[in-house]
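The values are calculated or read from the model by the stated rules, or taken from the named source; none is laboratory data. Computed from a prediction, not measured in an experiment: that's the story for all the values here. All Cβ positions, glycine included, derive from the backbone under ideal geometry; neighbour counts span all protein chains shown.
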Amino acid sequence: MTNQKFDKTYFDRYYGKQPVRSLNEVAHLATAVHELANWWNSPIRSVLEVGAGPGDWSTWYRTVRPHVRVMSVDVSEHACATYGHEQRDIATWSPHRPFDLVICMDVLQYLDEARAVRALRNLTKATRTYLYFDALTMFDARHTVDRSSTDLNAHLRSGDWYRRRLSRHFTQTGVGLWVRKGSQVVLHELERTR
């Protein structure tokens, strides 16, 4: 992934007046994920936001759940300088200790296959319990996103490509949330997607 692609121009286009996701949408999603963890009696005490961009998840946690330890990283020099993230590339870096929740949204479609596989390996190492994961897929590019406001200059893969690799170490619970196999979380049969 070239760092230069994610410069001020990129952020102005995709996170400016009409961002890909509003702060309100992210707040609803973060609340839902956090409360599901409480429901499963496995509270979130640490969060890693990967490819944080404007840092909406990190901001929500720092504001609404200030007792949670938060780390935000991005490959973009611009994002790090503007939003205060640590500069890291998930294809080559993993943290020294795992986090209860790792968030990785709209990152892996920018990586070629070899780097995406390494990034998934590092995301797995980084995750103690929960992974919130989303990436633009071929299906999404054709059917679900606004093509005029979505960066389609990406490595579009099938959802199954991601599911096959993630399901080696995680159980999918729906809406982008995955639970690490071997964690203390006990899922009922119908809380799993497969």
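Go through segment 71-113 and count every residue that is among the hydrophobic types (A, V, I, L, M, F, W, C), more than 19 Å from Thr150 (Cα to Cα) and touching a Leu at 6+ places or on another chain (Cβ under 8 Å).
8
Only one of Arg157, Arg192, Arg147 is surrounded by fewer than 16 Cβ atoms within 10 Å (Cβ to Cβ), more than 22 Å from Ala30 (Cα to Cα) and among the basic types (Lys, Arg). Can you tell me which?
None of the others qualify; the one that does is Arg147.
Considering only residues that are without any contact (Cβ under 8 Å) to a residue 24 or more places away in the chain and part of a helix (DSSP H, G or I), look in segment 59-114 and name the one that is surrounded by the most Cβ atoms within 10 Å (Cβ to Cβ).
So the residue we want is Cys80.
For segment 48-58, which positions are of a type outside the set (Asp, Glu) and in a helix (DSSP H, G or I)?
Selection gives Trp57, Ser58.
For segment 18-40, which positions are assigned to a loop (DSSP other than H, G, I, E, B) and modelled with pLDDT under 90?
If the condition is that a residue be assigned to a loop (DSSP other than H, G, I, E, B) and modelled with pLDDT under 90, then Gln18, Pro19, Val20, Arg21, Ser22 are the ones that fit.
For segment 170-191, enumerate the residues that are among the β-branched types (Val, Ile, Thr), modelled with pLDDT of 95 or more and within 14 Å of the chain's Cα centre (by Cα).
Val179, the sole residue that qualifies.
Assess whether Ser183 counts as being surrounded by 15 or more Cβ atoms within 10 Å (Cβ to Cβ), touching a Ser or Thr at 6+ places or on another chain (Cβ under 7 Å) and among the small types (Gly, Ala, Ser).
Yes, satisfied.
Taking segment 115-136 as the search range and keeping residues that are touching an Asp or Glu at 6+ places or on another chain (Cβ under 9 Å) and outside any helix (DSSP H, G or I), which one is surrounded by the most Cβ atoms within 10 Å (Cβ to Cβ)?
Tyr130
Pairs please, first residue from segment 156-177 and at negative phi and part of a loop (DSSP other than H, G, I, E, B), second anywhere and among the aliphatic types (A, V, I, L, M) and surrounded by fewer than 17 Cβ atoms within 10 Å (Cβ to Cβ), Cβ atoms under 7 Å, 6+ apart in sequence or on different chains.
Sorted first by the residue in segment 156-177, then by its partner, the pairs are Leu156/Met138; Leu156/Ala141; Ser158/Met138.
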